[in-house]
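Report on one structure; see the data block that follows.
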Amino acid sequence: MTMTAIAPETAFAVEVEPKPITKVSIIISKGTLEGVYPGLIMANGARMEGIEANLFFTFFGMDAVVKAKQEKIKVATVGNPALGLPTLIGALPGMSGFVTKQMQKKMEALDIPPIGEFVQMIADSGGKLYACKASVDMFGLEKKDFVEAVDDVITVGEFYELAAGGQIIFT
Amino acid sequence: MTMTAIAPETAFAVEVEPKPITKVSIIISKGTLEGVYPGLIMANGARMEGIEANLFFTFFGMDAVVKAKQEKIKVATVGNPALGLPTLIGALPGMSGFVTKQMQKKMEALDIPPIGEFVQMIADSGGKLYACKASVDMFGLEKKDFVEAVDDVITVGEFYELAAGGQIIFT
Amino acid sequence: MTMTAIAPETAFAVEVEPKPITKVSIIISKGTLEGVYPGLIMANGARMEGIEANLFFTFFGMDAVVKAKQEKIKVATVGNPALGLPTLIGALPGMSGFVTKQMQKKMEALDIPPIGEFVQMIADSGGKLYACKASVDMFGLEKKDFVEAVDDVITVGEFYELAAGGQIIFT
């Protein structure tokens with residue numbers, strides 16, 4: 001009987017065209033503007049394609065969903081030679097705020113919303129948002145410190161469970 | 001004969017519940033405290049769920065498993081606006097050490113061990129630790145410079161081999 | 001009839017040895033030397049093993065494929081305590097250039113080429129290179145600003161499409 005031989009062949013035939021991505025679970029771990037946006041843009045891009053999107057905020061990246069911090073996120077103007085600013089200029093008081101404003105203007109021109117709005121937009125489009133339990137405890141935060149869009153505070157183990165069957169992207 | 005039609009249906013039925021994650025291969029590439037901990041926490045979280053965990057240390061992240069450097073890893077207090085420190089304050093001698101101590105105290109309160117202990121704990125729980133051959137050569141290190149928990153020095157190609165069937169997470 | 005029972009068993013038998021990785025899609029998002037190299041090294045390592053490699057350049061990481069910027073990429077000497085440089089020394093004019101030269105020398109000794117050459121080498125070996133549409137628009141760039149090795153400017157959605165069936169690695 002050739003049944004067991006036929007089943008694997010079918011499987012191989014299916015794999016010639018790779019299975020499309022159906023889920024992404026994106027970790028946002030950095031608290032700078034250039035650290036937070038890539039994860040949001042990838043989550044939003046996923047939702048626009050009908051791909052399931054989970055966002056998991058941890059360490060300083062949690063600022064993106066903490067009410068008191070969300071709108072204060074800035075571009076790093078030192079330790080970021082790509083900006084082309086000499087360190088001693090980048091270190092001037094107000095410089096980080098200035099460069100941040102410049103970048104925000106450019107983003108606005110491209111219809112990329114400010115972080116608070118962007119986070120809400122992703123939630124509204126069906127993306128799920130989670131804060132990392134270990135980080136929440138470390139920074140002494142509570143559920144009420146987070147914006148409404150955050151669905152839950154979960155552990156790393158729970159994150160792995162919900163990421164099953166998709167791609168994990170750490171940003 | 002409808003056999004080839006039946007096999008794919010079975011496959012689809014199985015996929016309704018996604019296959020749990022069984023392996024993670026985590027790359028640690030940054031040499032700051034906030035750069036090293038996320039990878040360790042994710043590896044530890046994986047082991048606690050019975051998920052296979054490989055850690056691959058590369059570039060400055062290698063400091064986490066180099067004897068002479070492991071306990072000297074610090075928080076970046078400049079280029080990290082999320083801390084809320086003005087750059088010129090963050091640049092003061094001793095400031096990075098001070099903020100590092102504060103964060104270590106908080107972690108201790110949460111039972112998150114110092115890096116050296118944490119690395120050993122992950123190894124003891126069955127996690128595998130590797131150093132990146134290209135980085136080892138670049139920094140002129142030898143096997144004896146590493147803590148005992150490190151299993152081997154491997155190439156990128158070997159890393160891809162052992163990561164097969166799991167998730168790659170670059171931190 | 002036991003046909004549906006046999007097919008899943010076959011599937012489990014196949015999974016004992018995990019399927020090798022056949023494709024990696026690597027995102028390069030940072031514009032420092034230590035931010036760009038890991039992604040290039042992982043792409044090159046993939047091609048050497050016959051693994052399909054896609055590189056997607058976004059945010060400051062785009063500098064690695066912008067003609068006017070490619071050879072000016074530097075090591076961050078502040079915000080990088082792993083270097084062991086006090087911040088006020090790292091901030092001295094010229095310090096980033098100096099440390100960059102030191103690292104480039106070490107890389108040359110290891111046959112790791114400068115960024116421009118390395119990017120071309122990956123393209124020559126069959127790796128595909130893409131710039132992120134949102135970032136291209138944000139920085140006001142055009143196709144002609146990029147080195148020849150760049151195949152196309154694509155959206156996040158298109159990136160997910162080409163990454164299907166492989167691993168996404170965000171660096």
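Tabulated values for the structure
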{"quantity": "Selection count where residues are more than 14 Å from chain C (Cβ to nearest Cβ) and surrounded by fewer than 18 Cβ atoms within 10 Å (Cβ to Cβ), scope region B:124-148", "calculated": "9"}
{"quantity": "Answer from C:23, C:69, C:74, C:30 - the residue that is at the interface with another protein chain (Cβ under 9 Å from one of its Cβ atoms), at pLDDT below 80 and under 17 Å from the mean Cα position of the chain (by Cα)", "calculated": "C:74"}
{"quantity": "Any hit, region C:80-101, residues being surrounded by fewer than 21 Cβ atoms within 10 Å (Cβ to Cβ), modelled with pLDDT under 90, within 20 Å of the chain's Cα centre (by Cα) and not aliphatic (A, V, I, L, M)", "calculated": "yes"}
{"quantity": "Qualifying positions in region C:35-66 - more than 7 Å from chain B (Cβ to nearest Cβ), within 22 Å of residue C:104 (Cα to Cα) and not aliphatic (A, V, I, L, M)", "calculated": "C:35, C:37, C:39, C:44, C:57, C:60, C:61, C:63"}
{"quantity": "Residues satisfying the stated conditions in region A:45-77, i.e. in contact with a strand residue (DSSP E or B) (Cβ under 8 Å, 6 or more places away or on another chain), assigned to a helix (DSSP H, G or I) and either among the hydrophobic types (A, V, I, L, M, F, W, C) or within 23 Å of residue C:155 (Cα to Cα) (or both)", "calculated": "A:46, A:47, A:59, A:62, A:64, A:65"}
{"quantity": "Verdict on residue B:127 being touching a Pro at 6+ places or on another chain (Cβ under 6 Å) and in contact (Cβ under 8 Å) with a residue 40 or more places away in the chain", "calculated": "no"}
{"quantity": "Those strands (runs of 3 or more DSSP E) lying entirely in region B:114-171 with at least 2 residues over 14 Å from the mean Cα position of the chain (by Cα)", "calculated": "B:152-154"}
{"quantity": "Where a residue in region C:92-108 is within 13 Å of chain B (Cβ to nearest Cβ) and its partner, wherever it lies, is modelled with pLDDT of 80 or more, with Cβ under 7 Å and at least six apart", "calculated": "C:103/C:33; C:104/C:114; C:106/B:138; C:107/B:138"}
{"quantity": "For residue C:128: the one exception among (1) touching a helix residue (DSSP H, G or I) at 6+ places or on another chain (Cβ under 6 Å); (2) within 25 Å of residue B:163 (Cα to Cα); (3) not hydrophobic (A, V, I, L, M, F, W, C)", "calculated": "(1)"}
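Every residue, every condition in (1) over 24 Å from residue A:138 (Cα atoms); (2) out of contact with any Asp or Glu (no Cβ under 9 Å at 6 or more places or on another chain), yes or no:
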position	(1), (2)
A:27	no, yes
A:30	no, no
A:33	no, yes
A:41	yes, yes
A:44	yes, yes
A:50	yes, yes
A:53	yes, yes
A:61	no, yes
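The values are calculated or read from the model by the stated rules, or taken from the named source; none is laboratory data. Note that the structure is a prediction, hence the values are computed from the model and not measured. Cβ atoms come from the backbone with ideal geometry, glycine included; neighbour counts cover every protein chain shown.
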